[in-house]
Amino acid sequence: MFADRVLSGMRPTGNLHLGHYHGVLKNWVQMQHEFECLFFVADWHALTTHYDNPQIIEKSVWDMVVDWLAAGVDPAHATLFIQSRVPEHAELHLLLSMITPLGWLERMPTYKDQQEKLSGKDLSTYGFLGYPLLQSADILIYRATQVPVGEDQVPHIEFTREIARRFNHIYGREPGFEEKAEIALKKLGGKKAKLYSELRNRYQEQGDDEALESAKALLDEQQSLSHGDRERLFGYLEGGGKMILSEPQSMLTAASRMPGLDGQKMSKSYNNTISLREDEASVAKKVRTMPTDPARIRRTDTGEPTRCPVWQLHQVYSGDEVKQWAEKGCRSAGIGCIECKQPVIDAMLQEQRPMRERAQLYLDDPTLVKNIIADGNEKARKLAQETMRDVREAMGLSYG
Ligand code: TRP
Ligand code: SF4
């Protein structure tokens, strides 16, 4: 009934690298053709951990948007915007904070984990504790149905669902809800009201999902119903109150674990990255100086690919033929490591060439980027304002 809306955000905390490309951006590029997509720069989220170094955030915001565009995220297909340019996120965050049990936040696995991981920083702040709630506001304010995230973020999406449910439970039940729903039902007219009631019973008594869908379709067709009555009748179907905020699903993307230059996962904190728009000479040099099978000291020694980080890169970049060539050549000392690395270098450069070209366009004319974002900010803000109107009304804040 409601079309899917995909939303995802990324924190601007430094250069994007090939791990971001293979893990996230490639996915976004594909999804933008399949769904309505909103992608945003989570600059406030970056501030929760980088509050003492905001300069890096400002620079990273624009670099990151250029990286997205370079990777093929297309403003004609997706809305790109900056979180802090849609201040409604902050308003929803504040209002949701009123109903958020402290324990829910304190128990988030990411809370303790991150505090330990970033132990050099004082993260016993109010803002950091509220990180997942700000994320919930980001998602709920667009009534997003799907949120593509990495596995570590799944608890945040589950938390978001619980917050939405709690909100609907507390504020979706207006006084006299049942009576009002019955009055709205009468407005449907005799025949349709009867059909609605039959379908509702079938759903509520027998759990008949088809009946639920038919009833929703019936409501969809009723152009003359007021917004409020329509929401009531939707809510009445499933027994609860009005559904003001909708529960999102996480969309786990096939976790492509991009290996870094040392065989560990590619990550800034391991210092093993190749950035998205790294210059060609540097890419070649980094791969050429990568460690290989430690047991293969001389060119004449045979090697074992499974002990070699270069082999992992072949898994990402090479077809079967090249992989067989490398595997055989390594185990028989038929090829040297420099030779083995060349196809990986070539494939990386080929992958990055169009990205560098696209980026150049935006680096030559930064107003293009500013305009794309200004456009996106405006579109996002309209959507956010619609939800906030409903939220304020539900919470009894539409006076004045
Ligand atoms: N917490 C996310 C991350 O670190 C970034 C983020 C902020 C986000 N708000 C979001 C992701 C909303 C999805 C939806 O990756
Ligand atoms: Fe690694 Fe290739 Fe050298 Fe074998 S030949 S050790 S797989 S780089």
- Condition test on Tyr126, is it open to solvent by 50 Å² or more (accessible area, probe 1.4 Å) and at pLDDT 95 or above? yes
- Task: Read through the list (1) open to solvent by less than 90 Å² (accessible area, probe 1.4 Å); (2) in contact (Cβ under 8 Å) with a residue 24 or more places away in the chain, then give the number of the only condition that Glu238 fails.
- Result: (1)
- Quickly run through the stretch 35-74 and pick out the residues that are open to solvent by 40 Å² or more (accessible area, probe 1.4 Å) and not in a helix (DSSP H, G or I). Phe35, Glu36, Tyr51, Asp52, Asn53, Asp74
- Item | Hits in the stretch 192-206 (condition: at pLDDT 90 or above and of a type outside the set (Asp, Glu)) | Lys192, Ala193, Lys194, Leu195, Tyr196, Ser197, Leu199, Arg200, Asn201, Arg202
- Message: For Gly235, only one of the following conditions fails: (1) more than 31 Å from the chain's Cα centre (by Cα); (2) under 30 Å from Lys180 (Cα atoms). What is its number?
- Response: (1)
- Give the stretch 65-84 a look and list any residue that's β-branched (Val, Ile, Thr) and under 14 Å from Met31 (Cβ atoms), or say none. Val73, Thr79
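Could you check how many residues of the stretch 15-34 are surrounded by fewer than 20 Cβ atoms within 10 Å (Cβ to Cβ) and part of a loop (DSSP other than H, G, I, E, B)?
Quick first cut of the stretch 15-34, residues surrounded by fewer than 20 Cβ atoms within 10 Å (Cβ to Cβ) only: 15, 22-23, 26-27, 29-30, 33-34.
When the remaining residues are screened for being part of a loop (DSSP other than H, G, I, E, B), the result is 15, 33-34.
Residues meeting the conditions: 3.
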- Item | Which listed residue, of Ser214, Ser250, is open to solvent by less than 60 Å² (accessible area, probe 1.4 Å) and in the same structural domain as Ala384 (by TED's automatic domain parsing) | Ser250
- Message: Just to be sure before I move on: is Gln135 of a type in the set (S, T, N, Q), at negative phi, assigned to a helix (DSSP H, G or I) and over 15 Å from the mean Cα position of the chain (by Cα) in the structure I sent?
- Response: no
- Matching helices (runs of 4 or more DSSP H) fully within the stretch 144-224 where at least 1 residues are touching a Phe, Trp or Tyr at 6+ places or on another chain (Cβ under 8 Å) and away from ligand 1 (no atom under 16 Å from the Cβ): 177-187, 190-206, 209-221
- open to solvent by 80 Å² or more (accessible area, probe 1.4 Å) and in contact with a Pro (Cβ under 9 Å, 6 or more places away or on another chain), is that true of Leu261? no
- Item | Qualifying positions in the stretch 139-155 - surrounded by 19 or more Cβ atoms within 10 Å (Cβ to Cβ) and over 10 Å from the mean Cα position of the chain (by Cα) | Leu140, Ile141, Tyr142, Arg143, Ala144, Thr145
- Would you please name the residue that is nearest to ligand 1 (Cβ to nearest atom), looking only at residues in the stretch 305-341 that are loosely packed, with under 14 Cβ neighbours inside 10 Å and in a loop (DSSP other than H, G, I, E, B)? Gly319
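Could you tell me whether the stretch 105-114 includes any residue that is part of a helix (DSSP H, G or I) and modelled with pLDDT of 95 or more?
For the stretch 105-114, residues part of a helix (DSSP H, G or I) and modelled with pLDDT of 95 or more: present.
The values are calculated or read from the model by the stated rules, or taken from the named source; none is laboratory data. Just so you know, these numbers come straight off a predicted model, no measurement behind them. A quick note on method: Cβ atoms are made from the backbone with ideal geometry, for glycine too, and the neighbour counts reach across all protein chains shown. SASA here: full protein model, heavy atoms, side chains in, ligands and nucleic acids out. Shrake-Rupley method; radii C 1.70, N 1.55, O 1.52, S 1.80 Å.
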